[in-house]
Each structure stands twice: as C-alpha cells, then as structure tokens.
1. Counting only residues that are closer than 16 Å to B:Lys92 by Cβ and either more than 9 Å from chain A (Cβ to nearest Cβ) or not β-branched (Val, Ile, Thr) (or both), how many does the range B:127-148 have?
2. Which one of these does A:Gly163 not meet: (1) surrounded by fewer than 22 Cβ atoms within 10 Å (Cβ to Cβ); (2) out of contact with any Ser or Thr (no Cβ under 9 Å at 6 or more places or on another chain)?
3. Pairs needed: first member in the range B:85-108, on the phi > 0 side of the Ramachandran plot; second member anywhere, of a type outside the set (S, T, N, Q) and surrounded by fewer than 22 Cβ atoms within 10 Å (Cβ to Cβ); C-beta distance under 7 Å; at least 6 residues apart or different chains.
4. For the range A:155-169, name all the residues that are modelled with pLDDT of 90 or more and of a type outside the set (Gly, Ala, Ser).
5. So for the range B:149-166 (the condition being within 14 Å of chain A (Cβ to nearest Cβ), in contact (Cβ under 8 Å) with a residue 24 or more places away in the chain and more than 22 Å from B:Arg53 (Cβ to Cβ)), does at least one residue qualify?
6. Give me the residue from the range A:121-167 that is of a type in the set (Ser, Thr, Tyr) and within 13 Å of another protein chain (Cβ to nearest Cβ) and, out of that set, farthest from B:Asp149 (Cα to Cα).
7. Select the strands (runs of 3 or more DSSP E) contained entirely in the range B:215-312, then report the ones holding at least 3 residues which are modelled with pLDDT of 95 or more and within 18 Å of the chain's Cα centre (by Cα).
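The values are calculated or read from the model by the stated rules, or taken from the named source; none is laboratory data. If you're wondering where the values come from, they're calculated on a predicted model, not measured in any experiment. Using ideal geometry, Cβ is built from the backbone for each residue, glycine included, and neighbour counts are taken over all protein chains shown.
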Amino acid sequence: MELSTSSQHPALAIFPLLTDKEFDSACNQFLDRVHVANESLMGRLTCQYAQRAIGPILRITRRISHVSIPAYNSQSSADDPIRERYTEAYEDDPEALIRTPEPSVSLHVVYDVLLSPTYQVPVLYFNLQPTDHPGPLGIDAVYRYLVPSQYREELQSVGVMGGISLGYHPESGTPAFFVHPCNTADVMRQIAGHRRVTPETYLIIWLGLVGNRLGLQLPRNFFATDEMRGNSRS
Amino acid sequence: MDPQAPSPPPSSSSLSSIQKAVWDGKLPLHITLAPSESRTFDQTDPYLIAHPRLAYLPSLLPRLRDFFASALIHPTSRPHEGWFSFEGVPLKWHYPVGLLYDLYAGADPASRGGGGGSPSATAEDADPLPWRLTVHFSDWPDEELVRLDADGMVMHDAFINSVKEADFLRNGTAKGIMALSKEDSAGLWTAVRDVDLPSFQRISNILLPPPNQPFRNVPVRFFLPLPPDSDSPSLKVVQSPIPPMIAPIAASQSMMAAARGTPQIQTIGSALHALLPNLFPSRRTPVLAKPVLHGAAVPMAAPVEELVRCSAYGDGWVYVVVRMMG
C-alpha cells in the first residue's frame, strides 16, 4: 500500500500549515492505513483517533520492553549538563537508586499528536511511564530511552533546555513533554517542498521528522510515498 | 481603560500609562507553610508580601524557604522543591500570580461603573484579600505540576515558549524572538521575572511590530469558569486566531450589513461573541459573563490589539478570565 499524492488532490490550503479539516482527514487516513497494516508491520504500536474537547487527538502508544540500562551507562554523560541536571532531580528518590542496577525495565509511552491552535501545525505531546513505577519519568529518561543517540546532541543544543520542553497536556492539563512546534512550518516547507502533498502525506512526513527523534519509529513502508518515489525517479 | 470612550484612538502616552499601571499592580499575599510540613503544625507565622501581579510565584521560593527554615520538619528541602496551593488546588507556576488570583480567588473584578454589577455579597463574606496561599516543600504533585529545577531552566524555557507563541501570532512567524540576541532573549526573561518595566520595554520594542503595523493575530487566551461540581484540575482554555480587524465578509453576515466592505475593529466583545456566543450573546454588553483582566472588568469595546499592546502579561499574552455574572 502506498501513499497517494497524485495531482488530483487539492493543494493544502495554507501549506506549510495545516487546517483543522486537513488534520482531521490526515488522521483518519492514517488510521485506515494502520488498520490495514498487519500486526507484524505495526509491531508494538497501537493507534487511536478521537475527538476531544480541545479538538481531535491522534494517540499512538508504544511499549518498550527490556530497555537496556548498561548500554546507556556505557556512554559518558559527564559532559552532558542537561542530562546531569535532570538526573540530579531523581537522586533523592530512593526507588530510583534501587532500580538503577536492574538490567532492564519496560516502558509505556503515550504519544499524542494534535494540531497546535497557535502554530497550525501538528504538535507532539508525550509521556513515558515505567510499568513498575508509580510516578512519571523525567527528561533524562526521555533522552536515555527514547531519543536515538544520533539525535541527542541536535535536540539538546537548541533553545533554553533543548528541543524537548515540559508543559501541560492541553486536554488533561497534566504535565507532559512536548516538542516545541515553532520551527515545524519551515522544516515542512523544506522537506515536503510544495503544497501538493496530501494531508496524510504531510502527517507521515511530520511523524518521520518528529517521531523518529523521540522513539516513535513507524515501519519503513509508511514513508514510501508515491511522491518521494516520483521525486527520486525524476 | 475608559469603558465609555471607544472612538478616539489612544495616544501612545495613554497606552504606556496603562502599561505602567498594569506593571505596578500588586497583590497582597498571605502565605502559610503547609501544616503537615511544619514543626508547629498550623501555628507557623505567615509570610506577608505585596507581590507584583505580573510576577510568577516561584520567584518567592528562596525567601519563603529562608523564612520557614526553622519550622520545616524536613530542613533539607530546597527552594525549587516548593509549590503553592490555594484551597487545596496546586497552582500552576507558569501562570502569573495575578492571573491565578483572577482564576481562583473568586473575587469580583473592579469596574469603572462602581458597585452596580457587584452588590454587597462579597464585602461581608470572605474578603479575598490578602490572598491566602499555602506553600509546600515536599510531596510535589507530579500529576498536576511540572517540576522545577534548581537552575530555573524549566521556568525560563516555559516562558520563552510562551513568548514565541505570542510572537508567532503577532507576525505569522517566530522569527522575531529567534532573531533576538542571546543577551536580549535572556534579558527579556530577567526583566519579566524581576518585573522591571524599563528593561522589558527596551526588548519588547524590538519584538513588537510598530504601532502603525497591525498584528496579524492577537495573542489572547480566554479562561472559562469551571462547572462548580468539577474535580478536574484542568482549566478550560479557549484560543483561536483573533485578527485585530474583522474582515468585511464576517461583518456582512451579522447585523452589521450596513458596514459591508469596511473592516471593523476587533473588540474584546466581538472576539468573545465570535468564540463564545452562548456566554456572550451581545458584543457590546456583558449579559451572562464578563471578561476580567488584571483584576478589572474589561470594557467590551476595548480593541483587542490595543489591549495587548498596553496590558499584556510579560510573555506577550493577554489572559482573560471569563467570570459568570449574578
């Protein structure tokens, strides 16, 4: 199954931004694709799409089992001020000290994609929850467990405290991480190139862009769009 | 803000005098240590202070930590582990204290028209001032509040994110804030944190479009009242792009057919009527609810762009609390 981006589709109205309607259509099409994809393709990802009080939310959940802590410990974090700072916040937690030597933990990650009312681009909110721990994990755990090593430096180097911010989930009002969307429009313009992508292709390109950096890797087939193939042929 | 004078365009001096009044605004706070954290339970002396409405609560934490040091059962707790609650509700530290008061204290707003809208009900019942808050230095409510860090990075980051959003709405890009020098960007936060208006104005003037260049959209958020039976800590916030002028097409759909072809100035009343028609059936007169900003009822005729230019919070946003009447 391939993404259709042929020219009979109307152009996105406010590209590189997305309208409410386009976002809704993108999420619905994405969900259809997920339902068609068989389980081996989707792995440990599950998707739902629901209308909430603040607007529609595409929720993707991922279970990460056997997170390897030794792999993380082998990397030096001494020259990493951000990670150090946030690790420090958990040093007071006796449970954290007990847990650290364990060889592996399981994590439950909830990614919520919604349309930012300010920026009119998708924005990613997420939380990660160890299955055997009552409280939420801090930003050090995000970098440790979710961000692939090749993206860590890039993500930590921007803004006041890196590209991942702490804020409140717009729907629940509870603390959540989010990726600040202020650069999304520019990047989408650079990557998607022109407005003749479908809403779904827009969403999938965006998921590839933002999701990949935060441990939300979709199966490779998801990114094989007609348009990209067309571009590579031409 | 004169509610009765919608027409003459305000001079920049009147806008800046309003801005000065907003920045000078202070709220008397009466802060007690959570009894469960105090060696003397509820016998600890309160900390009293007139705190700028535009300031954030965590800026008080070092002083409060010192003040309550001898009373703390856990003397090792650090200032950034402190958080505030009002009547059991943890207060989100990224909102300025004046906004939190307007949201939670249940005080009737000041209004130009005297006591007309607010009879004696509040005077004899619980006087909301000083505002009575509780500070805690342990048991952080992780489900409700983002944790602070010792270096204040989390607060600074939240502030800058909010500034960027306001900038994006005003200009259609966030290039203004991105183009600020590192010094000015850090200086903006310091100026707001310290409620230092002259320093704020210098940097804000770089960010804001000049007065003759209208905003693209106006950074305004409306906070809706929670239903009385709601346990939810979540506030209902309404936000939608609000242009400073109403396009003629929109006007022609309304009673204003005569004004077809002429853009109308977006007032707080027209914005509320468009976003919340059930609560604001009229764009001119508050019927069921009224907009509150900095403890005062906002005149419905106040143009939104002027409102933002003279009375935004330090992050560039106007946060209007919608308060039910009667």
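1. Residues that pass the stated criteria total 13.
2. Going through (1) surrounded by fewer than 22 Cβ atoms within 10 Å (Cβ to Cβ); (2) out of contact with any Ser or Thr (no Cβ under 9 Å at 6 or more places or on another chain) one by one, A:Gly163 breaks only (2).
3. What qualifies is B:Gly106/B:Pro128.
4. Here is the first cut: in the range A:155-169, the residues modelled with pLDDT of 90 or more are A:164-169.
Hits for the range A:155-169 are A:Ile164, A:Leu166, A:Tyr168, A:His169.
5. yes
6. A:Tyr125
7. Values: elements: B:220-224, B:236-238, B:289-293.
In the range B:215-312, the matching strands (runs of 3 or more DSSP E) lie at B:220-224, B:289-293.
Condition check ((1) within 28 Å of B:Phe200 (Cβ to Cβ); (2) part of a strand (DSSP E or B); (3) acidic (Asp, Glu)) across all residues:
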| site | (1), (2), (3) |
| --- | --- |
| B:Leu54 | yes, no, no |
| B:Pro62 | yes, no, no |
| B:Asp66 | yes, no, yes |
| B:His74 | no, no, no |
